[in-house]
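Written below as structure tokens is the structure these notes are about.
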Amino acid sequence: MTAAEAMPRQDIERAPAAEGPAPRRTRTTRPLTRSVSARTAWLLRCLSILVPLAAWQAVSASGRVDPAFLPSPSAVWAAGLDMAAGGELAADLAASLGRIAAGFGLAVLISVPLGFAMGTLGWAQPLLEPAVGILRYLPASAFIPLLIIWLGIGEASKVALLVLGVVFFNTLMTADAVRQVPRRLLEVSATLGASRPRVAARVVFPYALPGIIDAMRVNAAAAWNFVVVAELVAATSGLGYRITRAQRFLQTDRIFAILVVIGLIGLAIDVALRLLRARVGRWAR
Amino acid sequence: MSGLRLEGVRKEFVPGRPVLQDVDLSVASGDFVCVVGASGSGKSTLLGMVAGLVPPTAGRVLLDGREVSGPGPDRGLVFQTASLYPWRTVAQNVAFGLEALGLPRAARRERVRWLLDEVGLGHLAGALPGRLSGGQQQRVAIARALACAPRVLLLDEPFGALDVQTKEDMQLFVRQVWQDVTPTGERPTVVMVTHDTEEAVFLARRVVVLSSDPGRISQEIVIDLPGPRPLEIRRSAEFLRIRAEVEDLVRAEHRAHQARLAAAPT
Ligand SMILES: Nc1ncnc2c1ncn2[C@@H]1O[C@H](COP(=O)(O)OP(=O)(O)O)[C@@H](O)[C@H]1O
Ligand SMILES: [Mg+2]
């Protein structure tokens with residue numbers, strides 16, 4: 001046997017016994033998890049509210065900022081109580097909530113069937129997607145002047161703004177939720193003798209409902225924003241209107257109080273839809 | 001003619017590239033046929049065409065002499081994953097087809113209860129599918145298909161995702177279903193796809209071997225074993241002999257396919 005033939009074999013024999021330094025310690029790794037204990041989570045939630053509040057209190061107590069710019073938390077609380085006692089807060093709240101009910105409700109009534117059709121009917125998707133996809137990028141607030149010209153400064157223009165701001169997004173997100181239904185489930189339903197309308201009503205809709213509610217929850221936040229924007233521009237009632245009033249008299253404490261109310265109502269809407277989602281989508285857990 | 005017939009069936013998803021070609025198959029009413037073949041040989045496509053979900057490119061699928069033109073409750077289908085309605089209870093899942101048929105509520109409830117007792121899931125009637133084990137879910141899926149009293153039961157690798165023990169239970173279960181469990185008292189024709197040759201020989205009265213690319217029926221083996229089959233029959237010489245025969249055929253098909261792939265210009 002020549003050396004040339006023997007060489008490779010020696011290499012092979014040597015290879016398995018790795019001569020490099022052995023790893024000194026076994027490295028342990030932890031999976032990336034996003035969970036913390038329930039107690040920690042509640043603690044962090046409280047901190048998330050209390051820390052900004054404390055910072056606010058500290059800044060206003062330091063006296064370095066003019067209270068006309070940044071009122072103290074207690075001044076804001078007092079202004080809120082004052083407005084609540086005067087009855088105007090309740091009236092404004094009712095006006096704003098009425099608008100969101102009308103505008104968001106209408107948007108849902110239009111977008112859910114439209115999105116459902118886009119997600120289920122072969123021809124509805126290519127027919128609607130381009131138009132809806134483009135319209136979605138037109139900022140609804142930019143339509144305010146046009147809406148006022150078309151519909152005046154009454155309720156109609158505010159409801160229309162809400163519809164414009166919500167309907168396109170909600171349509172596309174509903175269609176997405178509907179398309180999540182597994183093909184197998186649709187096929188099996190057909191073999192069980194269910195007609196297409198029956199499959200749409202008894203299979204697609206229940207399957208997609210939690211996703212549809214999720215879409216609504218996301219878009220309810222946008223709707224709530226649009227109400228206030230609409231009222232800032234032209235209104236004689238509502239939380240947004242109350243802000244512009246307060247601005248005229250430099251009542252920053254009132255502005256802050258209204259902002260807090262707006263935040264709390266938004267949170268309440270979100271929590272309500274979350275609860276609904278959890279109820280409807282119990283099976284998905 | 002009573003039973004299922006495929007006549008010159010061909011399927012192309014891409015024109016000029018048949019997935020199935022010249023498939024002729026007759027399954028007598030009440031027979032149990034297993035289709036074995038390599039992955040991608042077109043087994044699911046074949047079942048899909050019988051179910052009416054996949055239209056054949058050429059040829060015809062006939063059930064009791066009538067051409068199949070779409071899905072219907074006379075042909076029940078069960079996939080590898082149970083595909084249950086997760087928001088419906090077990091009983092409501094089984095009732096789905098009966099609702100579509102327009103059966104009155106009382107009759108529905110009665111048949112569902114009978115079926116769930118037959119498949120041993122009476123105690124889980126009110127449970128949601130998410131709480132069930134894989135084997136239990138497959139039982140529900142089979143019960144759901146059987147509820148409509150189908151003439152043909154189509155099973156597409158129904159136990160492929162189950163552990164060995166559960167799979168064994170389910171095989172006995174399917175044999176029993178085929179022999180006894182029929183709402184109308186008439187035995188359903190079963191066509192089952194599997195890649196497990198032992199399962200095929202154990203369950204079927206006839207095994208059909210599908211070749212690959214394009215899928216054709218290359219062999220049919222009549223399984224000459226007695227009707228009632230205990231699990232131990234798998235260790236009998238006769239069983240092992242038939243199983244080896246089927247395995248050799250599948251292997252030969254696989255080798256031939258590999259050879260064609262290697263020879264084909266890319
Ligand atoms: N809907 C479809 N569109 C295009 N190709 C498909 C479709 N369904 C199946 N095929 C192709 O047909 C061949 C056979 O698939 P299938 O019937 O699922 O095989 P098997 O069940 O035997 O594994 C595969 O090559 C697959 O890619
Ligand atoms: Mg398959």
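The values are calculated or read from the model by the stated rules, or taken from the named source; none is laboratory data. Bear in mind that the values here come from a model prediction, so they are computed numbers and not experimental data. Please note: Cβ atoms are built from the backbone with ideal geometry, for glycine as well, and neighbour counts cover all protein chains shown.
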Original post:
Considering only the stretch B:49-60, how many residues are more than 11 Å from chain A (Cβ to nearest Cβ), within 15 Å of ligand 1 (Cβ to nearest atom), surrounded by 17 or more Cβ atoms within 10 Å (Cβ to Cβ) and not in a helix (DSSP H, G or I)?
Top reply: 1
Original post:
Inside the stretch A:153-203, counting only helices (runs of 4 or more DSSP H) that do not spill past its ends, which hold 3 or more residues that are without any contact (Cβ under 8 Å) to a residue 24 or more places away in the chain?
Top reply: A:183-191, A:196-199
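Have a look at A:210, A:206 and point out the one that is more than 18 Å from residue B:79 (Cα to Cα), under 29 Å from the mean Cα position of the chain (by Cα) and facing chain B (nearest Cβ under 7 Å). Please lay out each step first, then the result.
Working: A:210 fails: facing chain B (nearest Cβ under 7 Å).
Answer to the selection: A:206.
Sort through B:137, B:165 and tell me the only one that's more than 14 Å from the chain's Cα centre (by Cα), away from chain A (no Cβ under 14 Å) and at negative phi.
Numbers: B:137 fails: away from chain A (no Cβ under 14 Å).
Checking each option against the conditions leaves just B:165.
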Original post:
Taking interchain pairs and intrachain pairs at least six residues apart, which have beta carbon atoms under 8 angstrom, with the first residue in the stretch B:120-135 and touching a residue at least 12 places away in the same chain (Cβ under 8 Å) and the second part of a loop (DSSP other than H, G, I, E, B) and of a type in the set (A, V, I, L, M)?
Top reply: B:124/B:132; B:129/B:82; B:129/B:84; B:134/B:82; B:134/B:161; B:134/B:162; B:135/B:162
Original post:
Taking interchain pairs and intrachain pairs at least six residues apart, which have beta carbon atoms under 7 angstrom, with the first residue in the stretch B:33-48 and touching a residue at least 40 places away in the same chain (Cβ under 8 Å) and within 14 Å of another protein chain (Cβ to nearest Cβ) and the second outside any loop (DSSP other than H, G, I, E, B) and near ligand 2 (Cβ under 9 Å from one of its atoms)?
Top reply: B:44/B:156; B:44/B:193; B:47/B:156; B:47/B:193
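Just one of B:158, B:150 is within 14 Å of another protein chain (Cβ to nearest Cβ), within 16 Å of ligand 1 (Cβ to nearest atom) and at pLDDT below 95; which is it?
On the way: B:150 fails: within 16 Å of ligand 1 (Cβ to nearest atom).
Unique residue meeting the criteria: B:158.
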Subject >> Exclusive hit being away from ligand 1 (no atom under 12 Å from the Cβ), part of a loop (DSSP other than H, G, I, E, B) and among the polar types (S, T, N, Q), set B:41, B:69 >> reply: B:69
**OP:** Output the number of residues of the stretch A:235-285 satisfying the condition of being surrounded by 13 or more Cβ atoms within 10 Å (Cβ to Cβ), away from chain B (no Cβ under 14 Å) and either farther than 30 Å from residue B:84 by Cβ or free of Cβ contacts under 8 Å to residues at least 60 places away in the same chain (or both).
**Re:** 29
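Tell me yes or no: at least one residue of the stretch B:146-158 is over 19 Å from the mean Cα position of the chain (by Cα), hydrophobic (A, V, I, L, M, F, W, C) and in a helix (DSSP H, G or I).
First, the residues of the stretch B:146-158 that are over 19 Å from the mean Cα position of the chain (by Cα): none.
For the stretch B:146-158, residues over 19 Å from the mean Cα position of the chain (by Cα), hydrophobic (A, V, I, L, M, F, W, C) and in a helix (DSSP H, G or I): absent.
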